[in-house]
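First up is the structure itself, then whatever we jot down about it.
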Amino acid sequence: MKVVSNTASLDVRLSVMCGQVFRWRELPDGRLLGADGDNWWLVTFVDDAFVVEGNGDSVDWGRYFRADEDWPAHASTVRRLAPELAPYMDVLPGLRLLRPSDAVEETFSFLCTSNNHLSRISGMVGALAGYGPTLASVEGYEVHRFPTVERISDIPESELRQKGFGYRAATIPVAARQIVERGGKAWLDGLKETDYPQARLELLQLSGVGPKLADCICLFALDHTEAVPVDTHVWQAATRLYFPELAGTSLTEKRYRQVGDHFRDKLGDLAGWAHQFLFYENLLNWRRR
DNA sequence: TAGGGACCTGCC
DNA sequence: GCAGGTCCCT
């Protein structure tokens with residue numbers, strides 16, 4: 001398929017590179033090559049528009065970028081209910097909440113993120129993707145479909161160690177086995193239908209999944225858009241904006257809940273999208289603060 | 001419930 | 001030293 005678009009409310013590059021998904025790479029000429037579930041995409045930018053090529057159709061593309069939602073209206077709502085976030089939205093216009101199609105892909109991507117930085121995370125997620133079948137060969141790059149939980153559960157820890165996964169080499173296959181025991185991908189997908197608190201509780205039982213990862217999986221993989229993953233960046237921003245008396249203290253379970261509830265009380269189902277502006281702005285600028 | 005340290009590896 | 005944490009221990 002080929003789609004041409006100049007949707008002003010969508011910045012493709014920002015949305016796929018800000019850490020919601022980890023399957024995109026920027027080609028030397030500036031084009032973007034990405035994978036999501038069964039799909040691969042090649043995005044070319046021309047002036048203020050972009051052209052999309054890939055094996056999916058406009059429905060797949062639209063689902064991924066939540067084209068069914070009124071983003072300008074969302075932005076107005078957040079600016080009205082949380083005006084203190086406006087400066088952060090101003091510097092990151094067009095950032096959308098994505099809806100990745102494969103919960104397994106997102107779950108194991110986030111298992112690579114603990115105590116880690118973006119460049120290494122992408123490499124590790126790419127290494128995991130290498131265990132899946134080839135989707136296509138595009139511009140000389142092999143694009144893989146992310147492997148199944150069953151395949152991941154079979155990977156020896158030693159092999160992942162060798163590939164540089166560090167201590168995550170131990171938790172990743174174990175978490176895969178735990179998911180397989182519960183029913184595999186169907187179980188994970190089923191958590192989309194349970195409510196957010198319950199889904200979060202179930203995810204917390206998995207090895208290597210703590211409060212922050214559970215919320216990432218809820219938000220990005222399970223469509224629980226009220227989830228607010230509180231990491232070091234969101235914690236810094238939240239203490240700066242809302243809880244100055246807590247600045248510099250450690251992020252305990254109680255404080256973690258305080259931050260998430262604060263966003264949910266204010267913004268409801270828009271909390272997960274809104275928090276993303278604080279997260280990414282702080283990630284880009286924390287060294288200067 | 002809060003605080004502290006270990007854990008892999010790589011980059012500032 | 002410190003990364004988009006988790007787990008285990010006072």
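The values are calculated or read from the model by the stated rules, or taken from the named source; none is laboratory data. Only a predicted model underlies this, so the values are computations on that prediction, with no experimental measurement involved. Counting neighbours? That spans all protein chains shown, and the Cβs are built from the backbone with ideal geometry, glycine included.
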**Q.** Tabulated pairs, the stretch A:8-30, first farther than 13 Å from A:Tyr280 by Cβ and within 16 Å of DNA strand B (Cβ to nearest atom), second at pLDDT below 95 and hydrophobic (A, V, I, L, M, F, W, C), C-beta under 9 angstrom, 6+ apart or interchain
**A.** A:Phe22/A:Leu118
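Go through the residues of the stretch A:192-215 one by one and say whether even a single one is on the phi < 0 side of the Ramachandran plot, of a type in the set (Val, Ile, Thr) and more than 14 Å from DNA strand C (Cβ to nearest atom).
Just the residues of the stretch A:192-215 that are on the phi < 0 side of the Ramachandran plot, to begin with: A:192-207, A:209-215.
Among the residues that remain, those that are also of a type in the set (Val, Ile, Thr) are: A:194, A:209.
Restricting the remaining residues to those that are more than 14 Å from DNA strand C (Cβ to nearest atom) gives A:194.
Yes; the residues of the stretch A:192-215 include at least one that is on the phi < 0 side of the Ramachandran plot, of a type in the set (Val, Ile, Thr) and more than 14 Å from DNA strand C (Cβ to nearest atom).
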Q. Just one of the numbered conditions (1) crowded, with 16+ Cβ neighbours inside 10 Å; (2) in a helix (DSSP H, G or I); (3) away from DNA strand B (no atom under 15 Å from the Cβ) is not true of A:Pro87; which one?
A. (1)
(Q) Looking only at the stretch A:109-126, how many residues end up being within 11 Å of DNA strand B (Cβ to nearest atom) and small (Gly, Ala, Ser)? (A) 3
**Q.** Enumeration of residues in the stretch A:111-146 that are free of Cβ contacts under 8 Å to residues at least 40 places away in the same chain and more than 16 Å from DNA strand C (Cβ to nearest atom)
**A.** A:Ala127, A:Gly130, A:Tyr131, A:Gly132, A:Pro133, A:Thr134, A:Ser137, A:Gly140, A:Glu142
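Sort through A:Gly19, A:Gly54, A:Gly30 and tell me the only one that's closer than 19 Å to A:Ala103 by Cα and small (Gly, Ala, Ser). Write out each step before concluding.
Working: A:Gly54 fails: closer than 19 Å to A:Ala103 by Cα; A:Gly30 fails: closer than 19 Å to A:Ala103 by Cα.
Answer to the check: A:Gly19.
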Q) Which residues, taken from the stretch A:221-268, are closer than 19 Å to A:Leu201 by Cα, loosely packed, with under 15 Cβ neighbours inside 10 Å and out of contact with any Pro (no Cβ under 9 Å at 6 or more places or on another chain)? A) A:Thr252, A:Lys254, A:Asp261
Q. Does the stretch A:252-260 contain at least one residue that is in contact with a helix residue (DSSP H, G or I) (Cβ under 8 Å, 6 or more places away or on another chain), more than 14 Å from DNA strand C (Cβ to nearest atom) and assigned to a helix (DSSP H, G or I)?
A. no
(Q) What's the number of the only condition in (1) within 16 Å of DNA strand C (Cβ to nearest atom); (2) farther than 25 Å from A:Arg168 by Cβ that A:Gly56 fails to meet? (A) (1)
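I need the strands (runs of 3 or more DSSP E) fully contained in the stretch A:1-65, keeping only those with at least 2 residues that are over 23 Å from A:Leu92 (Cα atoms) and at pLDDT below 95. Steps first, answer last, please.
Numbers: elements: A:2-5, A:24-26, A:32-36, A:39-46, A:49-54.
Per the criteria, A:2-5.
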